[in-house]
1. Is one or more of the residues making up the range 280-298 at pLDDT 80 or above, more than 25 Å from A140 (Cα to Cα) and buried (at least 19 other Cβ atoms within 10 Å of the Cβ)?
2. I need the full set of residues from the range 392-411 which are in contact (Cβ under 8 Å) with a residue 24 or more places away in the chain, in contact with a Leu (Cβ under 9 Å, 6 or more places away or on another chain) and over 17 Å from Y353 (Cβ atoms), in order please.
3. Are any residues in the range 75-85 within 21 Å of P19 (Cα to Cα) and surrounded by 22 or more Cβ atoms within 10 Å (Cβ to Cβ), and if so, which ones?
4. Checking the conditions here, which among L328, L315, L339, L345 is more than 30 Å from N187 (Cβ to Cβ), among the aliphatic types (A, V, I, L, M) and touching a Lys or Arg at 6+ places or on another chain (Cβ under 7 Å)?
5. Can you list the helices (runs of 4 or more DSSP H) found entirely within the range 213-301 that contain at least 2 residues being free of Cβ contacts under 8 Å to residues at least 12 places away in the same chain?
6. Could you check the range 153-165 and list, in sequence order, the residues that are part of a helix (DSSP H, G or I) and touching a Phe, Trp or Tyr at 6+ places or on another chain (Cβ under 8 Å)?
7. Is it the case, given these coordinates, that I31 is over 30 Å from I369 (Cα atoms), at pLDDT below 90, hydrophobic (A, V, I, L, M, F, W, C) and not in a loop (DSSP other than H, G, I, E, B)?
Amino acid sequence: MVEGSEKKFVNDYERKPVPQEKRKGWFALSIVWLGAIIALSAIVLGGTLGGGLSFGKSILATFVGTFVLAVLSALCGVVGAKTGLSTSLVSRFALGRYGSYAVSVIIAIALFGWFGVQLDLFGSSLRYILLEVFSVDVPAKALVILGGILMTTTAVIGYNAIEKLSFLAVPLLGLLLVASLAKVMDNRSFSSIIDTPLSGDPLTVGLSISLIIGSLAIGAIIGPDISRYARSTKDAVISSFVGFFAGFSVVLIIAVILAKATSKADIVEIMLGLGWGAAAMAILILAQWTTNDNNLYSSALGFSVIFSKAPKFVLTIIAGFVGTMMALGGIYDNFIPFLIFLSALIPPIGGIYVGDYFVNPKKYDFQYIGQMKNVNVTSSIVWILSALFAFMTTPAPNGFGLFTLTGASGLDAFIVAFGLQLIVSTILKNKQIKRNEYREVG
């Protein structure tokens, strides 16, 4: 009895479709997306926009960037909702068995690497708050370990724990941001905010849009990890727009106003300046927790496809341990270029499985997953070419910087992969139809 309950407690359907009776509506999915999106990095990004752009241009860049992200997430989310499968399993239909293994490795390593980066930021920021507000000096590494344990715990349990934490955290985070906005706007006219001179390095609207898209492009591409719990494609699409377009826009705009009102981009510094030490600590813990457990959750889903006999909760604990050790080892200073390299390989994956799904939707059924090729050569070539294209449009030193398309290399790679895969899948489908017609005639 105990063993069965424990198994059910950590069952996350990592190697099979999520049953229809376990699926969620758009509101629950939106809360999970919002929990993943609202992080220190997102608020700091908004502050950077506020310091480098006029208010009007900040709003324009925000709406364009978040709309593109919402469209990307919706496209990928539709495939997840239809199949009920994770990104790694979805990719098997387009790239083959070993191709999906490569996808799983790249996604998993990149995400628990970013887990380490966010955890490193968590430890250093929380130490600063404790020292400034409470005059308590706790070693940053001890706080990193604490954060690693907290974030790993919810990721171990899976989607249900992430959803419950998000339902708790998102309203509190929203309340803190709105309260901060009200406080900085007290006795201040809105026109004075609009007319505030730039306080940071000047930005262009194009570059700002690229920064917004690049900040969450990977999250949108691995959307099936969340949308597999959607009751319908409609729920997946609505939640994508609520999370990425509505939610992310509001966070960025509030951060823009806070930055213009205080001439600061760091949300922790702004909170401390407002005299909200405890609030600053709360927003740090909750924002990083709800974002980072999603990183770990998706990385463990990827590893679950490769290590099919290992329980997902064991893989999650291992990934959490490795990510924590990377944070303790100073990943932020030593591995960022490597993570950017891996991140350029992920957006084409979304373009490939979305393009192939649009042409061959009936193929994307779990009952056929064992019939997929070991390697889909044509789709693998599309992946390689699209990834190379991303590196060509990525500025040096992380890329070749030969030319630009949209200004966001991840979006470039998705568009190229999607277009090529549409062509390739259509040609192969037409050839198969002609073969079948020939056999029937013969």
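The values are calculated or read from the model by the stated rules, or taken from the named source; none is laboratory data. In this text, all values refer to a predicted model and were calculated from it rather than measured experimentally. For neighbour counting, all protein chains shown are included, and Cβ atoms are generated from backbone atoms with ideal geometry for every residue, glycine included.
1. Yes, the range 280-298 contains at least one residue that is at pLDDT 80 or above, more than 25 Å from A140 (Cα to Cα) and buried (at least 19 other Cβ atoms within 10 Å of the Cβ).
2. If the condition is that a residue be in contact (Cβ under 8 Å) with a residue 24 or more places away in the chain, in contact with a Leu (Cβ under 9 Å, 6 or more places away or on another chain) and over 17 Å from Y353 (Cβ atoms), then G407, A408 are the ones that fit.
3. If the condition is that a residue be within 21 Å of P19 (Cα to Cα) and surrounded by 22 or more Cβ atoms within 10 Å (Cβ to Cβ), then C76, G77, V78, V79, G80, A81, T83, G84, L85 are the ones that fit.
4. Only one candidate passes the filter, namely L328.
5. Values: elements: 224-227, 233-240, 248-262, 267-273.
Passing ranges, in order: 267-273.
6. The answer is T154, A155, V156, I157, Y159, I162, L165.
7. Spelling it out, it is not the case that I31 is over 30 Å from I369 (Cα atoms), at pLDDT below 90, hydrophobic (A, V, I, L, M, F, W, C) and not in a loop (DSSP other than H, G, I, E, B).
A quick yes/no check of all residues on (1) part of a helix (DSSP H, G or I); (2) surrounded by 23 or more Cβ atoms within 10 Å (Cβ to Cβ); (3) not hydroxyl-bearing (S, T, Y):
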site: G355; (1), (2), (3): yes, yes, yes
site: F389; (1), (2), (3): yes, no, yes
site: N398; (1), (2), (3): no, no, yes
site: D412; (1), (2), (3): yes, yes, yes
site: K431; (1), (2), (3): yes, no, yes
